[in-house]
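What follows is a short report on a single structure.
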């Protein structure tokens, strides 16, 4: 779609980005634990030492999708890994290519910084997301299984 713009988020996008992050939290079932605020996005995403980045998909002046990402500075190969934390497109804007455009912008960014790969997780049972990532050339990690320990 020629009117679709993909760019890094800016101060003016903060409320829209937060709304989409909350939409993903509802979809994935963790909205009751969601704590991110607009101030957090500004401080940690737009501050002097950003801890994450966000690419936004903008259509007709409205933010309709996000790709939240961060970097692991280096691993065994001394190259960064870009981690896609959240990819979400507003329900009313799905099917126009925004998700694919966001994903391609993220992989271009990863290439630009010399990353060895882009990594992400998919909610178990989210078959549409798995099909989407398969179409983008993604493959499931068959060697590693995610684990965690809850601290608080």
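The values are calculated or read from the model by the stated rules, or taken from the named source; none is laboratory data. Keep in mind that this is a model prediction, so the values were computed, not measured. So basically every Cβ, Gly included, is an ideal-geometry build from the backbone, and we count neighbours across all protein chains shown.
Data for the structure
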| read-out | value |
| --- | --- |
| Subset of the stretch 42-59 (residues that are at pLDDT 95 or above and more than 23 Å from residue 108 (Cα to Cα)) | 42, 43 |
| Condition check for residue 7: loosely packed, with under 14 Cβ neighbours inside 10 Å and under 14 Å from the mean Cα position of the chain (by Cα) | yes |
| Exclusive hit being under 23 Å from residue 23 (Cα atoms) and in contact with a strand residue (DSSP E or B) (Cβ under 6 Å, 6 or more places away or on another chain), set 115, 119 | 119 |
| Output for the stretch 59-78, where each listed residue is out of contact with any helix residue (DSSP H, G or I) (no Cβ under 8 Å at 6 or more places or on another chain), within 28 Å of residue 4 (Cβ to Cβ) and part of a strand (DSSP E or B) | 70, 71 |
| Selection within the stretch 1-57 - touching a helix residue (DSSP H, G or I) at 6+ places or on another chain (Cβ under 7 Å), touching a residue at least 60 places away in the same chain (Cβ under 8 Å) and in a loop (DSSP other than H, G, I, E, B) | none |
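For (1) in contact with a helix residue (DSSP H, G or I) (Cβ under 9 Å, 6 or more places away or on another chain); (2) surrounded by fewer than 17 Cβ atoms within 10 Å (Cβ to Cβ), each residue gets a yes or a no:
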| residue | (1), (2) |
| --- | --- |
| 84 | yes, no |
| 90 | yes, no |
| 99 | yes, no |
| 116 | yes, yes |
| 133 | yes, no |
| 136 | yes, yes |
| 151 | no, yes |
